[in-house]
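The values are calculated or read from the model by the stated rules, or taken from the named source; none is laboratory data. Here the structure is a predicted model, which means the values were calculated and not measured. When we count neighbours, we look across all protein chains shown, and the Cβ atoms used for this are built from the backbone with ideal geometry, even at glycine. Only protein heavy atoms, including side chains, enter the accessible area calculation; ligands, DNA and RNA are left aside. Shrake-Rupley method; radii C 1.70, N 1.55, O 1.52, S 1.80 Å.
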Amino acid sequence: ILILFSSLPASAERVADYGLQINSVPSIETEATGLVLDGGEQISLRGKPFTLTYSLYNSKDSPFGCVLRMISEDGFAIDMMNGVDSKNIYRPQVVVGKDCVEIPTMIPWDEWITVSVSVNPQAGSVSIDYNGISVDLEAEEVKDIRSLRISFGNCLFEGYTVNSVSSVSIRDIVLQSGDKVIRNWPLLKHTSTSSYDIVCGAVADAVNPV
């Protein structure tokens, strides 16, 4: 039986929409929602430039915390976060290794937007497009990336757990390697706590789904 992956009673628009709601409270250790792609295994990218694109819905319920975490085979992390600046304005952030860069836009609430994270191992660069706002970074460490583990929300990878999770919803996750789409999880339908991509049937597993 295939049914909608998740719905959000806080908004009539979101009730009608598909996607996975990330629940961040009250306890990140036991109740926060996570979504693990490819069963938590490394996704092979063969050193090619790649782009991860997803649709994002930000909620004010618990706005601060991790949205996306990508871990390379060598343990190098690239994160997308919802943070707050010195004037207490919530803004998106990208964390590449130990470097945290604020994306120069306020977080849009209660609407679906598109976010993409592009990594070019050959050039040693990371590019973010956050709802049309672009940020480019140089990072020598990404030159070694040949594969990734990817999670949204609560990251359960051993040694790479997070301290806070942002209340968001996720859908339409697309991973492109070179000029080829290698994964596509719409998150429209699921069986139990799993949803399958429409390219090769790779699984995305939800932990503590709402």
Dividing the alpha-carbon radius of gyration of the stretch 93-138 by 2.2 N^0.38 Å, where N counts its residues, gives 1.21
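Loop sites only, by DSSP: take the trypsin sites (Lys or Arg not before Pro) in the chain that have at most 16 other C-beta atoms within 10 Å and name the longest stretch containing none of them.
With trypsin sites (Lys or Arg not before Pro) excluded where exposed in loops, the chain gives 147-210 as its longest stretch.
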With the 8 Å Cα cutoff and a minimum separation of six or more residues, the chain has a relative contact order in percent of 33
Between the alpha carbon centres of the stretch 148-170 and the stretch 64-131 the gap in Å comes to 13
The stretch 130-206: relative contact order from alpha carbon pairs under 8 Å, six or more residues apart, as a whole percent, is 14
If one builds a Gaussian network model of the chain from Cα atoms under 10 Å apart, the most fluctuating residue listed among Asn120, Asn88, Asn163 is Asn88
Here the chain gives, from Cα atoms, an Rg and Dmax in Å of 15.9, 48
Probe 1.4 Å, all chains present, heavy atoms only: Thr161 accessible area in Å², nearest 10, is 90
Put Met81, Met106 in order of accessible area, largest first, probe 1.4 Å, and you get Met106, Met81
Here the stretch 72-89 yields Karplus 3J(HN,Hα) values (6.51, -1.76, 1.60; θ = phi - 60°; whole Hz; Gly and Pro given as x) of 6, 4, 9, x, 7, 10, 10, 10, 10, 10, 9, x, 9, 8, 5, 9, 6, 9
quick shape note, the stretch 94-210: Cα extents on principal axes in Å, largest first -> 41, 32, 31
In the neighbourhood of Arg149 defined by beta carbon distances under 14 Å, the net charge of the other residues (Lys, Arg +1; Asp, Glu -1) is -4
Any residue on another chain or 5+ positions along whose placed amide H is under 5 Å from the amide H of Ile182 is listed here as Leu175, Gln176, Ser177
